[in-house]
Protein chains: 2
Amino acid sequence: MVMQSLQLDRVFRALGDPTRRAMLGRLSRQEHTVGELAEPFKMSLAAASKHIKTLEQAGLVRRTVRGRTHYCQLNPQPLADANDWLRSYERLWTKRLAALEAFLRHPEKE
Amino acid sequence: MVMQSLQLDRVFRALGDPTRRAMLGRLSRQEHTVGELAEPFKMSLAAASKHIKTLEQAGLVRRTVRGRTHYCQLNPQPLADANDWLRSYERLWTKRLAALEAFLRHPEKE
DNA sequence: CGATTGCATAACCATATGGTTGAATATATC
DNA sequence: GATATATTCAACCATATGGTTATGCAATCG
């Protein structure tokens, strides 16, 4: 059930680019063609196409080809896996937030 | 309150490497010196030092210098920020998981 | 003082990444 | 069949990344 390390590498690296995160944002609302996904950016279609390929290899995007048009949809599973990895650190940041809250409530104790 | 896009880039990219994730894992349990963090890996100290610098620039590691020794500790805040970003997609994967569960319970309906 | 330790920095190398343009491919349209 | 559309692919370029070894430097040890 646990995600392979190499696949987690691909997911986190795919998320480490603002163009790709923006594409995922649009796909979270609706399916889009490659052309539609590329349109908001001022890079070439070929460059956008490479970003989509990166997302696909990370498992974040599924592609369906109908005729000459490629339809992309978001596959949220790798996001859930990345979230699982992050959540194993959750107690650390909640502990810190709790300490911050306590301080804001009773600064004299610090 | 929202994390800068560029900082989110740095955090996700920092997480996209197994050496750095392993370092964070150790730091989640205990503070460590640069030498201690480097020791488990079969790369040079200089290479490990660069990874630590990357983590530091992503805000994930804080360094305290005492004498000639550098002590590193985990700062979980950027992990919380990355988690916040991911959680904005949560409804998508829970919806999908719910559908899968429903199917496993009543396969005939599919 | 001299040697050793803990670490950063510099120079270098190979490969990856993110972009470009131009050509190829397949499907639609006239 | 000819042309237009949707997209990939190939070649190329600049910069980033992840590694190396060698060097430097401050702090500690003997």
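So B:Arg20 fits all but one of (1) within 11 Å of DNA strand D (Cβ to nearest atom); (2) at pLDDT below 95; what number is the exception?
Of (1) within 11 Å of DNA strand D (Cβ to nearest atom); (2) at pLDDT below 95, only one is false for B:Arg20: (2).
Mind checking which residues of segment A:56-89 are surrounded by fewer than 16 Cβ atoms within 10 Å (Cβ to Cβ), under 18 Å from B:Ala14 (Cα atoms) and free of Cβ contacts under 8 Å to residues at least 60 places away in the same chain?
Passing the criteria: A:Arg87, A:Ser88.
Quick check on segment B:56-96: of everything there that is more than 16 Å from DNA strand D (Cβ to nearest atom) and assigned to a strand (DSSP E or B), which residue is farthest from the other protein chains (Cβ to nearest Cβ)?
The extreme case among them is B:Cys72.
Looking only at helices (runs of 4 or more DSSP H) that fall completely inside segment B:1-55, which ones have 1 or more residues that are farther than 16 Å from B:Cys72 by Cα, within 11 Å of DNA strand C (Cβ to nearest atom) and without any contact (Cβ under 8 Å) to a residue 24 or more places away in the chain? Don't jump to the end; show me each part of the working.
Numbers: elements: B:5-15, B:18-29, B:34-38.
In segment B:1-55, B:5-15 are the helices (runs of 4 or more DSSP H) which contain 1 or more residues that are farther than 16 Å from B:Cys72 by Cα, within 11 Å of DNA strand C (Cβ to nearest atom) and without any contact (Cβ under 8 Å) to a residue 24 or more places away in the chain.
Tell me which residues, restricted to segment B:57-110, are out of contact with any helix residue (DSSP H, G or I) (no Cβ under 7 Å at 6 or more places or on another chain), farther than 30 Å from B:His32 by Cβ and at pLDDT 95 or above.
Hits for segment B:57-110 are B:Ser88, B:Glu90, B:Arg91.
The values are calculated or read from the model by the stated rules, or taken from the named source; none is laboratory data. Bear in mind that the values here come from a model prediction, so they are computed numbers and not experimental data. Heads up, the Cβs are rebuilt from the backbone with ideal geometry, glycines too, and the neighbour counts pull from every protein chain shown.
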